[in-house]
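FYI, it's all coordinate maths here, none of it is from the lab. Keep in mind it's a predicted model, so treat the numbers as computed, not measured. Don't worry about glycine lacking a Cβ; one is built from the backbone with ideal geometry, like all the others, and counts go over all protein chains shown.
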Amino acid sequence: MTTVDVRTPEALAEAERWTAHNYHPLPVVIAEADGAWVTDVDGRRYLDFLAGYSALNFGHRHPALIAAAHAQLDRLTLTSRAFVHDQFAEFCHALATLCGKDLVLPMNTGAEAVETAIKVSRAWGYRVKGVAPGRAKIVVAENNFHGRTTTIVSFSTDPDARDDFGPYTPGFAVVPYGDLDALTAAVDDDTVAVLLEPIQGEAGVLVPPDGYLAGVRDLCDRRSVLLVADEIQSGLGRTGRTFAIEHEGVEPDMYVLGKALGGGIVPVSAVAAGRDVLGVLRPGEHGSTFGGNPLACAVGVEVIRLLQSGEFQERSRRLGERLHAGLRALTGHGVLQVRGRGLWAGVDIDPALMTGRQACERLAEHGVLAKDTHGSTIRLAPPLVVSPDEVDQAVAALAAVLADARR
């Protein structure tokens, strides 16, 4: 009999030994990936229905993105912003055009882009709106997830992200998500921005009530306040539109982008806004050594090219309808509620059956990778290259998990 070399337990133990325990990953050790599929160190294949929290919208190792990265690696990888490189203008121009804005400020991670938006909003408030020094206020929503820096967790309502990391940065007001009356009451003369996720991902893929985002846009216009849309997870095709906020025909004053902008290859983030907003920054006031580096820009340009055809937005819309129809059919059979848009769904599992973590562990046993959040909720966000049959396969796997639990 041939002995099978099983590497997963040892690899998990080594990771546990040598890393800080700031994550609690599923017991899967991935070694290779292609498209919507990943393969672990023992050769087992899984459908990736998390896609790096939307960082892999175009799938693993998309050929056009890999080619762009390879070509740039042979030429130039980093200059710092002390100089201008030959990919920088093309990337900024392409992204500004995609967003319908004048200017772009590239960074690396989503949290850096959010911090950039906060600084720009405050500078705009002081230099343009005329808010008194030190009094700028930004209104945010409960259950938000904008990152994990010390300033960002200061306005988080998630104890896991916030507790024991104070003292906290002042200057933020928190209101219930989707409550326009509460938001209106919170906005005052010192308010410089409203920072929102058009769909709250970490909270469980929460979609706001119809008309909410349009109402926020109207309020911001009336009170001379910037509307800042954090589209780090929801943007770049995920919901069936280029940006999730487009579902209500709303244009923000500032887009905050990341994740899919790097094509699953390099971390790339950015803010995009009009010249009247981003133009408030002066040399030396903000920056990042790797922000807008040549490799990132080369990959980002190719990402934008993929989006310009509309193919991925349409795939997300069409296959999202298939995904949501399949998930809704499970309501009453172990699923309590399904939310989301496009290829993005939050699924509330009946807690009497299992936790979200248990559901994801059992899905992995059926060859599908997903991620839990907040108790009994799981999130599904496959790459936009997923096929109709693969969507059906993932729904069937969840159905099987629920059926086993109900026996």
Where Rh denotes the Kirkwood radius from the mean inverse Cα pair distance, what is Rg over Rh for the chain?
-> 0.97
What ranking do GLU361, GLU115 get, fewest neighbouring Cβ atoms within 10 angstrom at the top?
-> GLU361, GLU115
Which of CYS220, CYS297 has the fewest Cβ neighbours within 10 Å, and the rest in rising order | CYS220, CYS297
Taking H as built 1.01 Å from N, whose amide H comes closer than 5 Å to the amide H of ILE349, not counting residues under 5 places away?
-> LEU336, THR377, ILE378
Estimated FRET transfer efficiency when R0 is 45 angstrom, pair ALA325-LEU12 (beta carbons, to 0.05) | 0.80
Give the whole-number value, in cubic angstrom per residue, of the convex hull volume spanned by the C-alpha atoms of region 76-308.
-> 122
Karplus 3J(HN,Hα) series, Hz, for region 316-322 with 6.51 cos²θ - 1.76 cosθ + 1.60 (x for Gly, Pro) = 4, 5, 5, 6, x, 4, 5
How long are the semi-axes of the ellipsoid equivalent to region 1-156, from square roots of 5 times the Cα gyration tensor eigenvalues, in whole Å, largest first?
-> 39, 25, 15
Taking only the alpha-carbon atoms of region 252-407, what semi-axes of the equivalent ellipsoid follow from 5 times the gyration tensor eigenvalues under a square root, in whole Å, largest first?
-> 37, 17, 15
Amide H neighbours of TRP37 at under 5 Å, excluding residues fewer than 5 places away on the same chain, with H built from the backbone geometry, are ASP48, HIS60
Let me have the 222 nm mean residue ellipticity of the chain computed from DSSP H runs of 4+ only, each contributing -39500 (n - 2.57), with the sum over all residues rounded to the nearest 500.
-> -10500 deg cm²/dmol
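What ranking do CYS92, CYS360 get, fewest neighbouring Cβ atoms within 10 angstrom at the top? List each step's numbers first, then the result.
Values: CYS92 20, CYS360 24.
Fewest-to-most Cβ neighbours within 10 Å comes out as CYS92, CYS360.
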Straight-line reach from LYS129: which lysines have a Cα under 22 Å away, not including same-chain ones fewer than 8 places off?
-> LYS101, LYS119, LYS137
